[in-house]
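Taken together, the values in this text are just the output of simple stated rules run on the coordinates, not laboratory data. This one's a predicted model, so the numbers in the text were calculated from it and none came from an experiment. Cβ sites come from the backbone with ideal geometry, for glycine too, and all protein chains shown count toward neighbours.
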Amino acid sequence: MKEFMLLIRNEADSKSTFSADQDKAFLNACKVYIEKLQANGKLISAQPLVREGKVISGSNGSWSEAPYSLDKEVIVGYYHIRANNLEEATSIAKGNPEFEFTTTARVEVRPIKMKEESTAYVYPKG
């Protein structure tokens, strides 16, 4: 089984107009999605991301820091999953509740590199 990262992207204010009931329904749908992935042995971890932070760039001795911007699309969370292949990981991503509750969601489905082939270095797991 391979590992994949599902990076959940959406407009920063995609849920700002949700009523309390809509927000509760969305959070419940996320819970159901997570529990289904757990029951099927597909979920490694999943967390939403807080909409604050910093963006850093540069290199040793010349760093630049800027506030995290909520102007456009942001990564709102992630799912670290197991799947047999990219097609299965994509199918899992299509079930994400972001798609049911918003029209601006996008999910980036990325295989996780477990080992460097050229050096045989195996990356540590948490």
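Here region 34-86 is treated with +1 on each Lys and Arg Cβ and -1 on each Asp and Glu Cβ, and its dipole about the Cα centre works out to around 260 debye. What is the count of Lys pairs in the chain whose alpha carbons sit under 20 Å apart, if the two are 8 or more places apart or on different chains? The result is 20.
Measuring r between the beta carbons of residue 66 and residue 108 and using R0 = 22 Å, the FRET efficiency lands at 0.50.
Relative contact order of the chain: 43 percent, from C-alpha pairs under 8 Å at least 6 residues apart in sequence. Fully extending the segment from residue 45 to residue 25, taken as 0.36 nm per residue of separation minus the present Cα-Cα distance, adds 5.1 nm.
Rg/Rh for the chain stands at 1.03; both radii use Cα atoms, and Rh follows the Kirkwood definition. An oblate overall shape is assigned to region 1-58, the ratio a/c of its alpha-carbon gyration tensor axes (a ≥ b ≥ c) being 1.5 or greater and a/b not exceeding b/c. For region 24-84, the residue among 47, 84, 59 whose Cα projects farthest onto the positive side of the dipole built from Cβ charges is 84.
Of the GluC sites (Glu not before Pro) found in region 70-126, those that fall in a DSSP loop while having at most 10 other beta-carbon atoms within 10 Å are 116, 117.
Plainly put, region 87-126 has a radius of gyration that is 1.20 times its Kirkwood radius, both from alpha-carbon atoms, as the Rg/Rh ratio.
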